[in-house]
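The values are calculated or read from the model by the stated rules, or taken from the named source; none is laboratory data. All of these numbers come straight from a predicted model, not from anything done at the bench. Ideal geometry is used to build each Cβ from the backbone, glycine not excepted, and the neighbour counts take in all protein chains shown. Note: accessible area is taken over every heavy atom of the protein model, side chains too, but ligands, DNA and RNA are not part of it. Shrake-Rupley method; radii C 1.70, N 1.55, O 1.52, S 1.80 Å.
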Amino acid sequence: MDKLFGDDAHGLRERVLWRLLYETAARAEEILSLNVEDLDPEFRRARVVSKGGAIEYVHWATGTARLLPRLLRGRTAGPVFLADRRAPTSGRRAPAAADVCPVTGRGRLSYPRAEYLFKTATRGLDPHGRGWTLHQLRHSALQHLAAAGRTAAELQAKSRHQHLASLGTYVRLGEQTSARVTADTDPAARRHPR
C-alpha cells in the first residue's frame, strides 16, 4: 500500500482517493459522493450517506490529512473528487447541478472512471495482471486491522457493517491467529512472571 500511495507517478486526485478509501475502510460510492461541505478536517472525518441511507461518519489518518488540502486548493463547495474535464452544461450527459464544482465547472469523478484508473495503476502489482478493484482497498484495510489485533467489534465500528457475520468475507486470519488465541487463553499453560 505504501508503494502505491507514495508513487508520484499517480495523480494527486488518485492518491488522495485511494488513501482515503483505505484509511476509512469506506465503500467507494460513499467516498466518491463526498462534497467538500461533508468534510471535517479538524476532526479528520467526513459525513457519508451509508448503505440504507443513514448519515454516518468515516475517519481518516495522517496520510489523507496531509494530501487533502492540496487536492481541494481552497475549494469550499462541490464534489471532492472531480473529473478531468468540464461537465457538459446541457443534453442528456449533463450532470445534476450538485455534481458540478461551482468553481471549476468540472463534474464529479465517476465510479467507472475511478475503478479503471485504479485497475490500470495496480495491474503491475497484481500477480494475475488484471489490477485490483476499489473495493479491495476496503477489504485490505479490514484485513490489516484484523491482523494488527483489532477486535471484531472494532472492525464493525470502522467498517460500519450492520452485522458481525458480514466481516467474515474480509477477515481471514488463518492458523497462526487461531494458535495464538488458543495459547493465550489456555488456563493450563505455564505462565512465567516477567
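Below, the figures for the structure above:
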{"quantity": "Verdict on residue 104 being at pLDDT 85 or above, of a type in the set (Val, Ile, Thr) and within 24 Å of residue 52 (Cα to Cα)", "calculated": "no"}
{"quantity": "Any hit, segment 69-79, residues being assigned to a loop (DSSP other than H, G, I, E, B), within 14 Å of the chain's Cα centre (by Cα) and in contact (Cβ under 8 Å) with a residue 12 or more places away in the chain", "calculated": "no"}
{"quantity": "Selection count, segment 39-54, where residues are under 17 Å from residue 160 (Cβ atoms), assigned to a strand (DSSP E or B) and modelled with pLDDT of 95 or more", "calculated": "5"}
{"quantity": "Residue that is farthest from the chain's Cα centre (by Cα) [pool: residues in segment 1-52 that are of a type in the set (Val, Ile, Thr) and within 24 Å of residue 157 (Cβ to Cβ)]", "calculated": "49"}
{"quantity": "Per-region count, segment 90-123, residues open to solvent by 70 Å² or more (accessible area, probe 1.4 Å), under 14 Å from residue 33 (Cα atoms) and hydroxyl-bearing (Ser, Thr, Tyr)", "calculated": "1"}
{"quantity": "Residues being in contact (Cβ under 8 Å) with a residue 40 or more places away in the chain, open to solvent by less than 70 Å² (accessible area, probe 1.4 Å), assigned to a helix (DSSP H, G or I) and not hydroxyl-bearing (Ser, Thr, Tyr) - total across segment 124-154", "calculated": "5"}
{"quantity": "For residue 63: the one exception among (1) out of contact with any Cys (no Cβ under 7 Å at 6 or more places or on another chain); (2) small (Gly, Ala, Ser); (3) open to solvent by less than 70 Å² (accessible area, probe 1.4 Å); (4) over 18 Å from residue 10 (Cβ atoms)", "calculated": "(4)"}
{"quantity": "Residues being surrounded by 13 or more Cβ atoms within 10 Å (Cβ to Cβ) and in contact (Cβ under 8 Å) with a residue 40 or more places away in the chain - total across segment 34-50", "calculated": "6"}
